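Since the structure comes first, as structure tokens, the remarks are kept for the end.
The values are calculated or read from the model by the stated rules, or taken from the named source; none is laboratory data. No experiment lies behind these values; they were computed from the predicted model shown. Glycine gets a Cβ as well: all are built from the backbone with ideal geometry, and neighbour counts include every protein chain shown. Please note that ligands, DNA and RNA were not included when accessible areas were found on the heavy atoms of the full protein model with its side chains. Shrake-Rupley method; radii C 1.70, N 1.55, O 1.52, S 1.80 Å.
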Amino acid sequence: MANTKDPGEKTLSVAPSKTLTIKRSVEQGVVRQSFSHGRSKAVVVEKVKRRVVGPGGEGKAEAAPAPKPAAAKKAAAAPEPAPKSRAAAKTAAPKEALTAPKPSGVVLPTLTEEEREARGKALVHARVREAEERRVAEQEARRRDARDATDRSEREAAEARKREEEARRASEEETKRKAELEARKRFGDDAAAKSAGLAISGRTLVLEDEEDGPRTSRRGGKTAAAAPKPVRAPTGEKRRGRLTVVTALSSGEERQRSVASFRRRVQRMTGHRPSDEPKEKIAREVVIPETITIQELANRMAERAVDVIRMLMQQGQMLKITDAIDADTAQLIAEELGHTVKRISEADVVEGLFDTPDDAAYLMPRPPVVTIMGHVDHGKTSLLDAIRQTDVVSGEAGGITQHIGAYQVSARAGAKITFIDTPGHAAFTAMRARGAKVTDVVVLVVAADDGVKPQTVEAINHARAAKVPLIIAINKIDKADAKPERVRTELLQHEIQVESLGGETLEVEVSATKKTNLDKLLDMISLQAEILDLKANPTRAAEGTVIEAKLDRGRGPVATVLVQRGTLRVGDIVVAGAEWGRVRALVNDQGTQVEAAGPSMPVEVLGFNGTPEAGDRLAIVENEARAREITDYRQRQRRDSAARGMKMSGSLEQMMSQLKSAGRKEFPLVIKGDVQGSVEAIVSSLENLGTDEVIARLIHAGVGGITESDVTLAETSGAAIIGFNVRAHKEARVEAERAGVEIRYYNIIYDLVDDVKKAMSGLLSPTLRETALGSAEVLEIFDVSKVGKVAGCRVTEGKVERGANVRLIRDNVVIHEGKLATLKRFKDDAREVLAGQECGMSFENYEDMRQGDVIECYRVESVQRSL
């Protein structure tokens, strides 16, 4: 390119009658472009000049090349110095007009301070935006470089893999070629010539390819003998493409036979005879449980089941492939076949499920678990209501607690305390035992006006068995007849010495109704918890105990669980007893759904496949297969124990006990309750009602409403149905009315026990009670026609009644017992004869009466017995 013309300049023109304007200074030039083949072209180019305001305020023209728009933009956006005053602004305006390049015809207004500030802010924002764009561009460049480096490494790895694959293929080709050469040497030149697969002679064409062997083409029904073709040395390369007659004849090299085709040919020649080389024996470690089927044992050893059965037949055992053998026999067979054996037990499936040690670094303080225990009606639930500021007592039937409950409250210092409220009734012994097992501290509530009672003593024994500390809460001190000192003295009889008497057991005098000393009780519980230093690991898998379980018609099986270690979350797979499930929801004691439950927190768990037993331990497993394995094992254990209990033992003692109870009457019952603990308490109470003559036979006991299957079961066994805090479904009620099955509903346990006791008492045979009426002495014997012998007697004591039972005594020996047939006085029938009077008596079917005999008269009464 060459510049061929000097540009001209346009000057600033000011007209007095027109608005001040500035024309853009432009330089024009001609540039000649050269092309191929000697062609050229002249192009007119304009070059714009701009003025730059220097520090002295004088404008200086500077050429701005057109190909750099970014530099021009920065120069246009440069800040302008603000004038000091209005006069200075007027003086500086023309200079600024000279410096700012404007298109011709545009009016240059005077800039105010606000406009200058706005322009300055816009410039600052533009700079910030440019810096941000620059930073984003740098980050994008770094990411692009990292991506390029990753792609480069992947390409290099792919190339390395490709080279390895090519080397492997070359090695395989070399091995294949050597194998073919060895085969040719072994089978001779004839086989090699035949493997070439090409023979042409006369009108017959013979081709042999890799798969189908020789093919013969006949023309005109005549077949010519195939002449052998000389064998050429192998070239090491395999022909590619389709094999035709033309290519076979025109080719100067021999077509190679594949390895698979050669193997098939060798098998045809040898007649599929097995190889003489023995296979290498693989020794395996075989896991053998207590019992295993022959098929499973053969699979684990990778042996044929026929061989295992043959070995068992040699030992004298004729078994099928589906039969089970014991672990000792399986071990003998496995070791004889050269395998190593690892013996396991079925109980190993639950090994490591509970009580795994925690790392001390992850242990955190946890709230204490406090169980409220005591005698019935001593104020346990009222005390807990006063602490929680709730009213649970009013919702309990009969004013007594019949369910175990778990709650969490906050003390004054903000620390949380978990309370477990247990029933005090005698029937709920198992519930109290469960509460004592999971607790850290036992608060024993004793009424100041009632003292120590049987269930108080039982609670003390439960606390001792669980080895947990006791806190004595002396309740109802606001009553007029309250005697706290009497409670302290009575506790000494059971080796409980409180602090006020020089002992170590903490004591607090409280009043649930007046809310007296409740804060002091909470402080003592917190103090006891600090002494125990209770800690747990919240990050591990959860472990807990099922306190109560029930079957809710709307929500399904629901278990109240106290989390003892770890954290239980929604979605975890849990196992409790013989039931498992995935946690669908967690509900706290206030009825709110939570996502997780930490240590010492009681929650209701929804999602079990069935209702677990109260008292079962809960644990989290890693998958459903493990959960099914554990529950299947536990269900088998329960079935086996039930079957062993039903089998008749051969011991003499049990045989005698069964003979003794063979004549007992049975009162069949079907029990349905709201929760597992209530059903357990009812069953225990009814079993204790049994005697040697009558027992309560429980056909079925379960949790949930009364269903049609329960009615059918009761109808078949002739039993009555008892519902505790549950109702029968509509279909079950209709079925019960049709079948005549009685359904009784209860909500208080001792009413249920009393009614069953009365019903069982009706099955007892009545007691015969003898009441003496009087006695008479025989004075003379008379023979009366048509009547027989009649004894003339004098009543010596009491009275004698007609139809009463009599006993004939001779020489203080009872000769006869029977009934009085006739009683006469002076030839008239008498209803009764009093003492001192004479009468005539005759017996039914007995006449051997003698003078001097004594006749006793008595009455037999039937008295109904009760349990």
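Amide H to amide H, with H built 1.01 Å from N, Leu823 comes under 5 Å of Ala830, counting only residues 5 or more places away or on other chains. Pairs from the list Lys380/Lys535; Lys437/Lys730; Lys380/Lys437 with a Cα-Cα gap above 30 Å: Lys437/Lys730.
Go ahead and run the numbers for FRET between Arg177 and Phe35, Cβ-Cβ distance against an R0 of 56 Å, rounding to 0.05. E between Arg177 and Phe35, to the nearest 0.05, is 0.35.
Each Cα pair under 8 Å and six or more residues apart adds its separation to the average, and for the stretch 693-765 the resulting relative contact order is 34 percent.
Each residue of the stretch 519-527 was assigned a 3J(HN,Hα) from its phi angle through the Karplus expression (A = 6.51, B = -1.76, C = 1.60, θ = phi - 60°), giving 5, 5, 5, 5, 5, 5, 5, 5, 4 Hz with x at Gly and Pro. Scalar couplings 3J(HN,Hα) for the stretch 701-717, obtained by applying the Karplus form with A = 6.51, B = -1.76, C = 1.60 to θ = phi - 60°, are 9, x, 10, x, x, 7, 10, 5, 5, 5, 5, 4, 5, 5, 5, 5, 9 Hz; x denotes Gly and Pro. Here the extension length gained between Glu708 and Gln837 equals 39.4 nm, from 0.36 nm per residue of separation less the Cα-Cα distance. With R₀ set to 41 Å, the beta-carbon distance separating Glu46 from Ala126 gives a calculated FRET efficiency near 0.90. Partner aspartates and glutamates whose Cα lies under 15 Å from the Cα of Lys47, excluding those fewer than 8 positions away in the same chain, are identified as Asp6, Glu9, Glu27, Glu62. Protein heavy-atom surface of the stretch 707-747, 1.4 angstrom probe: 46% of the accessible area is carbon and sulfur, with nucleic acids and ligands not counted. Residues in the stretch 777-856 average 62 Å² of solvent-accessible surface per residue, probe 1.4 Å, ligands and nucleic acids excluded. For the stretch 457-512, the solvent-accessible area with a 1.4 angstrom probe is 50 square angstrom per residue.
Taking every protein chain into account, the accessible area of the stretch 517-593 amounts to 42 square angstrom per residue (probe 1.4 Å). With a cut-off of 14 Å on the backbone N, the residues of the stretch 288-302 near the modelled label site 7 Å out from Thr340 along Cα-Cβ are 288. Here the Karplus relation 6.51 cos²θ - 1.76 cosθ + 1.60, evaluated at θ = phi - 60°, turns the backbone of the stretch 842-854 into coupling constants of 10, 9, 7, 6, 7, 9, 7, 10, 10, 5, x, 5, 10 Hz, with x for every Gly and Pro. The loop-placed GluC sites (Glu not before Pro) in the stretch 496-562, going by DSSP, that have at most 10 neighbouring Cβ atoms within 10 Å of their Cβ come out as Glu504. To put it simply, the accessible area of the stretch 300-368 at a 1.4 Å probe is 54 percent carbon and sulfur.
Within the stretch 720-806, DSSP assigns beta bridges of which about 70% are antiparallel (rounded to the nearest 5). Remark: the Lys515-Glu156 segment gains 121.2 nm on full extension, using 0.36 nm per residue and subtracting the alpha carbon distance. Taking the accessible area of the stretch 755-867, probe 1.4 Å, and keeping the other protein chains in place, the carbon and sulfur fraction comes to 46%.
Packing order of peptides 841-850, 308-317, 288-297, highest average first: 288-297, 841-850, 308-317 (average count of other Cβ atoms within 10 Å over each peptide's residues). Were the residues from Asp552 through Arg794 laid out at 0.36 nm apart, the gain over their Cα-Cα distance would be 79.3 nm.
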